Amino acid sequence: MTSLLPPTSGSRTKPRIVGLLGGIASGKSLVAAQLVALGAGLLDADAAGHEVLRRPDVREAIRLRWGDGVLDAAGHVVRPALARLVFVDTPQGRADLAHLEQITHPLIGEVLRERATAMAESGTPLLVLDAPVMLKAGWDKLCDHLLFVDAPLEMRRERARSRGWSDSEFAAREARQEPVDEKKRRADFTVDNSGSAGGTNLQITRLWPSLVG
């Protein structure tokens, strides 16, 4: 995929796309919601992934690889059961994750492109791409800007605990993404989300003109 948006026609201006980067539980969803409140459109890769996992062809491909144990009685993918297999830091776990990404990433990209096109046609001034594996999937190349959401490791770990994650689950998920320092280095802008939501919102509001362009 070379672009999330089709070529513009006439006088319509193509909206800019801002990709969110950050470690697990850094607060990317909060920043995305604050940008949406200012008028941006959200491209949620995780939500698109949920949609893709409901496709019959994807469910069958997953069943053939991992068996009926990752499906519920209705034949739907049980995400926690699948996650326990693909986020294990072993050679088999890494191979399983790569296989799952081969199945899902192209289809997630199609869903995101459809939503981006619809938002652009409605006149949305900015699109925010929230994707946990932004750099790994190469979706950063589809963005005009990258915005890094910064928060200390222990704070992020505590937030993950509040979601019901164990420290080992947090570490395993973090290990499967690009290093946080690399994400920060690649970003055009940084927002400090170690304080209050209001403080983060103030930073986002100040950044808005630069993001929209």
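In this structure, does Val78 turn out to be outside the structural domain of Ala187 (by TED's automatic domain parsing) and buried (at least 17 other Cβ atoms within 10 Å of the Cβ)? In short, no.
Among the candidates Arg115, Arg161, Arg176, the residue that is within 24 Å of Gly49 (Cα to Cα), touching a helix residue (DSSP H, G or I) at 6+ places or on another chain (Cβ under 9 Å) and without any contact (Cβ under 8 Å) to a residue 12 or more places away in the chain is uniquely Arg161. Return yes or no: is Ala160 out of contact with any Gly (no Cβ under 9 Å at 6 or more places or on another chain) and under 20 Å from Ala45 (Cβ atoms)? Taking the combined requirement at face value, the residue satisfies it. Which of the residues that make up the range 173-213 are among the aliphatic types (A, V, I, L, M) and under 18 Å from the mean Cα position of the chain (by Cα)? Those that are among the aliphatic types (A, V, I, L, M) and under 18 Å from the mean Cα position of the chain (by Cα): Ala175, Val180, Ala187, Val191.
Evaluate the range 13-21: report whether one residue or more is within 30 Å of Asp144 (Cβ to Cβ) and over 21 Å from the mean Cα position of the chain (by Cα).
Yes, the range 13-21 has at least one match.
If we only count helices (runs of 4 or more DSSP H) wholly inside the range 90-183, which ones have 1 or more residues that are among the β-branched types (Val, Ile, Thr) and buried (at least 18 other Cβ atoms within 10 Å of the Cβ)?
Ranges flagged: 91-121.
The helices (runs of 4 or more DSSP H) found wholly in the range 1-80 and carrying at least 2 residues that are at pLDDT 95 or above, among the basic types (Lys, Arg) and farther than 20 Å from Ala116 by Cβ occupy 56-66. For the condition touching a Cys at 6+ places or on another chain (Cβ under 9 Å) and either of a type in the set (D, E, K, R) or assigned by TED's automatic domain parsing to the domain that holds Ile24 (or both), Leu129 qualifies. Among the residues of the range 91-125, those that are farther than 16 Å from Lys14 by Cα and of a type in the set (Gly, Ala, Ser) comprise Gly93, Ala95, Ala98, Gly109.
The values are calculated or read from the model by the stated rules, or taken from the named source; none is laboratory data. Every value quoted in this text rests on a predicted model; they were computed, and no experiment measured them. No Cβ is skipped: glycine too gets one built from the backbone with ideal geometry, and neighbour counts run over all protein chains shown.
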